[in-house]
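Below is one structure, written out as structure tokens; the observations come after it.
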Amino acid sequence: MRTQVAIIGGGPSGLLLSQLLHTRGIDSVVLERQTKAYVLQRIRAGVLEQGLLDLMTEAGVGERVYREGFAHDGTLLSYGDEMFRIDFTEHTDKPVMVYGQTEVTRDLYEAREATDGRLVFQVSDVEIVGADTDSPKVQYTVDGARQTLACDYVAGCDGFHGVSRKTIPETLRKDYEKVYPFGWLGVLSRTPPVHHELIYANSERGFALCSMRNEALSRYYIQCRLDDRPEDWSDQAFWDELRRRIPGEQAARLVTGPSIEKSIAPLRSFVTEPMRWGRLFLCGDAAHIVPPTGAKGLNTAASDVHYLYTGLRQVYEEGDAEGLDRYSERALARVWKTERFSWWFSTLMHRFPDQTEFEYKIQLAEIEFLRTNKAAQAAMAQNYVGLPY
Ligand code: FAD
Ligand code: DHB
């Protein structure tokens, strides 16, 4: 089999890149380790930046998100019983859109299937051969048979645990990492959200986030221990703990119900440099991870897709490799800024096990400064709605 761009990973990065390339007549094949049903049931991000919405529109999948998504032009931050709002429209010209990653992925799968996109599921033992030559290949096993996909370029969109990053020799790349000493326990429930905007809560008992998917579907998170397991948390224990971490007025209004999904995600900051080796380009979680506070993971994957798609168009349509040659540099310049914001917002809002009383006071002072200072609010709003590409 032969294609122009071999895409490893059928998550949001790989699917979006594939569909964008299709609009320009550039052929790709997506190789996904899991089944489509598995990819679609993974509950992850829920807040989309304008840049991702624009890419979805360009890819021809921008219709449902504008019809069913919820535009938010502000978010709430609380500490103890105090709560204040960061107004996005006062400081930027953009709102964000609440629309689940599962729905983004579903829209992209439907579009790829409607345009006869080549997607291969349940592949195993994926191996990238000759990434540093002019004729790279991807070898993989499907239905028990070994296959070879010849291509011009390989897009490594296979997430943090994929093979693409590890294909770049360790001597040629540098990894930067920070692991946080806690996780997020997330619950999805068919209940109306406690508030019409998101609430990021700093409390003495730890962080909490009140988010949503729609008027009847809520997504909540609480900071938990790294050794906690979802089964250790009954629904009742989760709701009780959430109530203790959000302002009293919201706690009194919280509607609870059975969880329909419950999972724990560890928090990590990670970047690998460079994001390119020869004809292999890393994209999304394959190259970097942010802690989820601020919802930057999926959105940063989208900005990589933008730079890679632009570079591939330039080479196929104009014969100019400049965009690909500068892909890593351009993507990383934005990645590091979202890393900084996600690290800052996570550090501001969580309780750290070894935090001293001094550090806690400093944290509260910083939140208080944010509550009262327009310049600080503007910086937060600009980062939250998404930095320009
Ligand atoms: P992924 O979504 O990881 O997709 C990679 C795909 O590659 C997967 O489908 C995988 O099955 C496939 N794959 C892996 N290895 C191989 C292989 N060897 N061969 C072929 N295919 C392979 N972000 C937020 O903004 N907010 C959140 O609340 C949030 N929650 C998250 C919770 C969890 C548990 C995780 C892991 C991430 C979360 N994120 C969140 C981050 C966000 O979901 C990711 O940034 C986003 O999914 C990145 O998309 P991606 O396509 O780059 O990678
Ligand atoms: C969601 C996740 C986040 O990390 C965040 O900052 C906002 C919303 C969510 O899953 O809804």
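On the given criteria, is residue 159 within 16 Å of ligand 1 (Cβ to nearest atom), assigned to a loop (DSSP other than H, G, I, E, B) and under 28 Å from residue 41 (Cβ atoms)?
yes
Only one residue in 268, 279 is of a type in the set (D, E, K, R) and away from ligand 1 (no atom under 16 Å from the Cβ), so which one is that?
279
Taking the residues in segment 199-234 that are open to solvent by 20 Å² or more (accessible area, probe 1.4 Å) and among the basic types (Lys, Arg) as candidates, determine which candidate is farthest from residue 345 (Cα to Cα).
229
Quick one: is residue 201 modelled with pLDDT of 95 or more, among the small types (Gly, Ala, Ser) and either touching a Lys or Arg at 6+ places or on another chain (Cβ under 8 Å) or within 16 Å of ligand 1 (Cβ to nearest atom) (or both)?
The answer is yes for residue 201.
Of these, 84, 88, which one is surrounded by 18 or more Cβ atoms within 10 Å (Cβ to Cβ), among the aromatic types (Phe, Trp, Tyr) and modelled with pLDDT of 95 or more?
88
Condition first: crowded, with 21+ Cβ neighbours inside 10 Å, within 13 Å of ligand 1 (Cβ to nearest atom) and of a type in the set (Gly, Ala, Ser). Now tell me which residues in segment 11-37 satisfy that.
Within segment 11-37, 11, 13, 14, 18 meet the criteria.
Select the helices (runs of 4 or more DSSP H) contained entirely in segment 282-389, then report the ones holding at least 3 residues which are surrounded by fewer than 19 Cβ atoms within 10 Å (Cβ to Cβ) and of a type in the set (A, V, I, L, M).
Filter on segment 282-389 gives 357-372, 374-385.
Have a look at 14, 51, 62, 74 and point out the one that is away from ligand 2 (no atom under 14 Å from the Cβ) and out of contact with any Gly (no Cβ under 9 Å at 6 or more places or on another chain).
Among 14, 51, 62, 74, only 62 is away from ligand 2 (no atom under 14 Å from the Cβ) and out of contact with any Gly (no Cβ under 9 Å at 6 or more places or on another chain).
Can you tell me which condition residue 193 does not meet? The list is (1) surrounded by fewer than 14 Cβ atoms within 10 Å (Cβ to Cβ); (2) over 24 Å from residue 285 (Cα atoms); (3) touching a residue at least 24 places away in the same chain (Cβ under 8 Å), and all the others hold.
The one condition residue 193 does not meet is (1).
For segment 97-132, enumerate the residues that are assigned to a loop (DSSP other than H, G, I, E, B), surrounded by fewer than 18 Cβ atoms within 10 Å (Cβ to Cβ) and either touching a Gly at 6+ places or on another chain (Cβ under 6 Å) or of a type in the set (A, V, I, L, M, F, W, C) (or both).
Correct list: 121, 132.
Could you tell me which residue of segment 66-121 is nearest to ligand 1 (Cβ to nearest atom), considering only residues that are farther than 14 Å from residue 56 by Cα and among the aromatic types (Phe, Trp, Tyr)?
If we take residues in segment 66-121 being farther than 14 Å from residue 56 by Cα and among the aromatic types (Phe, Trp, Tyr), then 121 is nearest to ligand 1 (Cβ to nearest atom).
Would you be able to say whether some residue in segment 256-276 is part of a helix (DSSP H, G or I), open to solvent by 20 Å² or more (accessible area, probe 1.4 Å) and farther than 28 Å from residue 81 by Cβ?
Looking through segment 256-276, none of the residues is part of a helix (DSSP H, G or I), open to solvent by 20 Å² or more (accessible area, probe 1.4 Å) and farther than 28 Å from residue 81 by Cβ.
Of the residues 40, 55, only one is within 16 Å of ligand 1 (Cβ to nearest atom), of a type outside the set (Val, Ile, Thr) and surrounded by 22 or more Cβ atoms within 10 Å (Cβ to Cβ); which?
55
Give the residues of segment 117-168 that are at positive phi and touching a Ser or Thr at 6+ places or on another chain (Cβ under 7 Å), sorted by residue number.
Passing the criteria: 122, 125.
The values are calculated or read from the model by the stated rules, or taken from the named source; none is laboratory data. The structure presented is a predicted model; accordingly, all values stated were derived computationally and were not measured. In this analysis, Cβ positions are derived from the backbone assuming ideal geometry, glycine residues included, and neighbour counts consider all displayed protein chains. Protein only, heavy atoms only, side chains kept; ligands, DNA and RNA dropped before computing areas. Shrake-Rupley method; radii C 1.70, N 1.55, O 1.52, S 1.80 Å.
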